[in-house]
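This report refers to the structure that appears directly beneath it.
The values are calculated or read from the model by the stated rules, or taken from the named source; none is laboratory data. This structure is a prediction, so every number in the text was calculated from the model and none was measured. Cβ coordinates were reconstructed from backbone atoms using ideal geometry, including for glycine residues, and neighbour counts include every protein chain displayed.
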Ligand code: NAP
C-alpha cells in the first residue's frame, strides 16, 4: 500500500512503457513488506538532467536506467563504480550521504546463469559475441571476469567495431577484445565455447529471424553454450537452432531478473527474493 512514508524507486527510459522491471520489483517489494514503490519514469533524452535534479528534490532513493540513458547519466553522478566505468554504462543509481552513486548490475545479471552451470575451466574457453552495442559491453566485462582465454566480437560497422576495440585498451579491467566482421563468423563459430547474441535480431515480433543461420550453426561444438540476451520470445530462433546442434541454451530472462535483484539489494540492503521476481515475470508472460 502506498502511504505518506512510501519511498520512491523507478526506471528511467524512453520509451519505458514495455519495461518489465516495475512488475518484478514491486512483486519483491510486496513480498518483503517494505515501504517502497517502483515506478516507470519516461524521460526524453534532453530531459535527463532536469529529471535527475528533480529526483533529488523529491527524495527518490534510487533508480534504474535503460535505453537511451545508460551512458548519458555518467557525467551527472557524484560517484561511478570501477566496473561501470569500464563498461561505460550505468544501469543502477542510489542516493546516500556521498551523493548519487552509479554502478552496472547487467554484468552480474549476465554472469548469474553461467555461474549456475558449473562449466569448467573458463580460462581455457573462447567467447564469440555478436553485436557491439551497450549490452555487448556488459557481456565483455562478464567474460573478462570469468577469465576467458579469448573474447571475439562480431559487428557490422567497421568504424564502430574499431572504436569498441579501442575503448577497452585503457580499461581498468584486464580485457583484450578481437573484432571481426560478419564474413568471419563461420570459422569463429567453430571455436566458440560461449556464443552470445547481443543484437536485437530475432526479438519479437521478428521471431523467425536469427543472427546466425542454420548452416553456420552446423560448426558449433556440441556442449557449447549459446546465450541470447533477448527474452521475448522464449526461446528465440537463435537458441532453437543452437539447441539442435547440442548446445546448452540460455535466454535473457534470467539476466533481466538477476540485474534487477542486484539493484534492489543495493537499495534495500537486504537479501532479495529472486524466486518471487522470477515468478512474477513468468506468470506475466
Ligand atoms: P544497442 O546498443 O542498440 O546494440 C545493438 C547491437 O546490435 C549493435 O551493435 C548493432 O549494430 C547490432 N545490430 C542491430 N541490428 C542488427 C542487425 N540487423 N544485424 C546485425 N547487427 C545488428 O542495443 P543493446 O542495448 O546492446 O541491446 C541489444 C539487445 O540485448 C536487445 O535485444 C535488448 O533487449 C537485449 N538486452 C537484454 C538484456 C537482459 O537483461 N536480458 C539487457 C540489455 C539488453 P550497429 O551498432 O552497427 O547498429
- Message: Restricting to segment 242-275, count the residues that are within 16 Å of the ligand (Cβ to nearest atom), surrounded by fewer than 23 Cβ atoms within 10 Å (Cβ to Cβ) and closer than 18 Å to residue 130 by Cβ.
- Response: 2
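Of all residues in segment 76-97, which are part of a loop (DSSP other than H, G, I, E, B) and either more than 19 Å from residue 264 (Cα to Cα) or at pLDDT 95 or above (or both)?
Filtering segment 76-97 for residues part of a loop (DSSP other than H, G, I, E, B) gives 77-78, 81, 88-91, 97.
Those that are part of a loop (DSSP other than H, G, I, E, B) and either more than 19 Å from residue 264 (Cα to Cα) or at pLDDT 95 or above (or both): 77, 78, 81, 88, 90, 91.
Which residue, of 271, 200, 233, is in a loop (DSSP other than H, G, I, E, B) and without any contact (Cβ under 8 Å) to a residue 24 or more places away in the chain?
Values: 200 fails: without any contact (Cβ under 8 Å) to a residue 24 or more places away in the chain; 233 fails: without any contact (Cβ under 8 Å) to a residue 24 or more places away in the chain.
Criteria check complete, one pass: 271.
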- Message: I'm trying to understand the selection: among the residues of segment 185-197, which are assigned to a loop (DSSP other than H, G, I, E, B) and surrounded by 22 or more Cβ atoms within 10 Å (Cβ to Cβ)?
- Response: 192
- Task: Please name all residue pairs, on different chains or six or more residues apart, with Cβ atoms under 7 Å, provided the first residue is in segment 246-267 and is within 12 Å of residue 25 (Cβ to Cβ) and the second residue is within 8 Å of the ligand (Cβ to nearest atom) and at pLDDT below 95.
- Result: 256/231
- Task: Would you check which residues across segment 146-161 are surrounded by fewer than 19 Cβ atoms within 10 Å (Cβ to Cβ) and within 19 Å of residue 70 (Cβ to Cβ) and list them?
- Result: 160
- Message: If a residue must be in contact with a helix residue (DSSP H, G or I) (Cβ under 7 Å, 6 or more places away or on another chain) and either farther than 19 Å from residue 259 by Cα or not in a strand (DSSP E or B) (or both), how many such residues does segment 33-68 contain?
- Response: 6
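Select from segment 126-135 the residues that are near the ligand (Cβ under 8 Å from one of its atoms) and closer than 10 Å to residue 197 by Cβ and list them in ascending order.
Initial filter on segment 126-135 (near the ligand (Cβ under 8 Å from one of its atoms)): 130-135.
If the condition is that a residue be near the ligand (Cβ under 8 Å from one of its atoms) and closer than 10 Å to residue 197 by Cβ, then 130, 131, 135 are the ones that fit.
Return the total of residues in segment 240-285 being under 20 Å from residue 38 (Cα atoms) and in contact with a strand residue (DSSP E or B) (Cβ under 6 Å, 6 or more places away or on another chain). Walk me through how you get there before you give the answer.
The initial filter retains those residues of segment 240-285 that are under 20 Å from residue 38 (Cα atoms), namely 253-285.
Adding the requirement that they be in contact with a strand residue (DSSP E or B) (Cβ under 6 Å, 6 or more places away or on another chain) leaves 263, 266-267.
Qualifying residue count for the region: 3.
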- Query: Of the numbered conditions (1) under 30 Å from residue 276 (Cβ atoms); (2) in contact with a helix residue (DSSP H, G or I) (Cβ under 6 Å, 6 or more places away or on another chain); (3) within 13 Å of the ligand (Cβ to nearest atom), residue 210 satisfies every one except a single condition; which is it?
  - Reply: (1)
- Task: Given the conditions (1) outside any strand (DSSP E or B); (2) touching a residue at least 60 places away in the same chain (Cβ under 8 Å), report the number of the one that residue 9 does not fulfil.
- Result: (1)
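Could you identify the single residue in 226, 149 that is over 17 Å from residue 110 (Cα atoms) and touching a strand residue (DSSP E or B) at 6+ places or on another chain (Cβ under 8 Å)?
Values: 226 fails: over 17 Å from residue 110 (Cα atoms).
Matching residue, one of 226, 149: 149.
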- Which condition number in (1) under 16 Å from residue 107 (Cα atoms); (2) part of a loop (DSSP other than H, G, I, E, B); (3) within 13 Å of the ligand (Cβ to nearest atom) is the one that residue 140 fails? (2)
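Which is touching a residue at least 24 places away in the same chain (Cβ under 8 Å), outside the structural domain of residue 174 (by TED's automatic domain parsing) and more than 17 Å from residue 6 (Cα to Cα), of 80, 87, 39, 60?
On the way: 80 fails: touching a residue at least 24 places away in the same chain (Cβ under 8 Å); 39 fails: more than 17 Å from residue 6 (Cα to Cα); 60 fails: more than 17 Å from residue 6 (Cα to Cα).
The match here is 87.
Within segment 106-125, how many residues are within 16 Å of the ligand (Cβ to nearest atom), surrounded by fewer than 24 Cβ atoms within 10 Å (Cβ to Cβ) and either in contact (Cβ under 8 Å) with a residue 24 or more places away in the chain or in the same structural domain as residue 267 (by TED's automatic domain parsing) (or both)?
Going through segment 106-125 one residue at a time, the tally reaches 5.
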- Message: Given the criteria on the phi < 0 side of the Ramachandran plot and modelled with pLDDT under 95, does residue 218 qualify?
- Response: yes
- Task: Take segment 143-155 and flag every residue that is outside any strand (DSSP E or B) and out of contact with any helix residue (DSSP H, G or I) (no Cβ under 6 Å at 6 or more places or on another chain).
- Result: 143, 144, 145
